[in-house]
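Right, one structure below, let's go through it.
The values are calculated or read from the model by the stated rules, or taken from the named source; none is laboratory data. Note that the structure is a prediction, hence the values are computed from the model and not measured. A quick note on method: Cβ atoms are made from the backbone with ideal geometry, for glycine too, and the neighbour counts reach across all protein chains shown. Accessible surface areas use protein heavy atoms only, side chains included; no ligands, DNA or RNA. Shrake-Rupley method; radii C 1.70, N 1.55, O 1.52, S 1.80 Å.
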Amino acid sequence: MTVPTQNPTEKKSGRAIEVRELHKYFGELEVLKGIDFHVDHGQVVCVIGPSGSGKSTLLRCVNRLEDPTSGTIVVEGVDICDPEADLDDVRSRIGMVFQSFNLFPHMNVMRNLCIAQQRVRGRGKDEAIEVARTNLAKVGLAGKEDAYPAHLSGGQQQRVAIARALSMDPDMMLFDEPTSALDPELVGDVLAVMKDLASEGMTMMVVTHEMGFAREVGDKLVFMDDGVIVEEGDPVEVLADPQHERTRSFLSKVL
Ligand code: ADP
Ligand code: MG
């Protein structure tokens, strides 16, 4: 963990995220058992695997919502495991979308989209509102500025959460099962927004059970089981012809 904070070579190489030998323990339980992988700029990497395999923990390590036990995570050239790293800055450049939306229930949509822009980005009210409107339109929710989360469908709430993350102008977006809490008829709208983002070149890491999305939008598919990456590769190839028995067994249950 003694790599310098800024590493210009890594930035030029096109790597948005580089993870090396990542281990994470919760007490005695080793949840990540030596993870190595990378995400290039503009890539969409989908992560699949059984419940409890460590997918959320991996994502949460990438923006330091969890402290890695050992290993290296370099995000946009910054070693985020370095004790000197500015974690607020790192987090403000990584948009995160959770299964459970996590909107502020007592704030309307516009307030939800403006608060971090004003408090973290230091934007004035007018600029924050303008950015928020642009992003609300982008997720198909222009006109919902005054609505409160409880009055929106789950799919609309998730799209607000995506617009809120985008309003911070993140370098990359991490999605943790963004459609798993949604009624089936609402999943498509959220996936469509994510697909648009991908086509605009956003760097994305997506934990998902939506194999259609992984196949169509993903540049890389990572299969995790029991704290390790068992297999990774082109989504079309991995889904059609998995090389490992564990991958085959998992896919036979979800496809
Ligand atoms: P996944 O997202 O693939 O379902 P998680 O990363 O959420 O897996 O969890 C991996 C393992 O780590 C599970 O055994 C889970 O119970 C455990 N775990 C996750 N978070 C914590 C925590 N904060 N404290 C203790 N154990 C945890
Ligand atoms: Mg999870």
With the 8 Å Cα cutoff and a minimum separation of six or more residues, the stretch 82-151 has a relative contact order in percent of 38 percent
Shape category assigned to the chain from the gyration tensor of Cα positions, a/c cut at 1.5: oblate
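Suppose we keep just the DSSP beta bridges with both residues in the chain; what percent of those would be antiparallel, to 5?
Close to 55 percent.
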Violating pairs (Cα-Cα greater than 24 angstrom) within the set K55/K195; K55/K144; K55/K220; K195/K220; K33/K220: K55/K144
On alpha-carbon atoms, Rg over Rh for the stretch 61-157 using Kirkwood Rh? 1.05
Please compute the contact order of the chain in relative form: average sequence separation of alpha-carbon pairs under 8 Å and at least six residues apart, divided by the residue count, as a percent. 25 percent
Given a 1.4 Å probe and every protein chain left where it sits, what share in percent of the accessible area of the chain is carbon and sulfur? 48 percent
Average accessible area per residue (Å²) across the stretch 146-192 - probe 1.4 Å, nucleic acids and ligands excluded: 37 Å²
Using Cα pairs closer than 8 Å and at least 6 residues apart in sequence, work out the relative contact order for the stretch 132-230, in percent. 25 percent
How much mean residue ellipticity at 222 nm does the chain get from its helices, if each DSSP H run of length 4 or more adds -39500 (n - 2.57) and you divide by all residues, to the nearest 500 deg cm²/dmol? -11000 deg cm²/dmol
Looking at the stretch 61-124, which GluC sites (Glu not before Pro) are in a loop (DSSP not H, G, I, E or B) and have at most 13 other Cβ atoms within 10 Å? E84
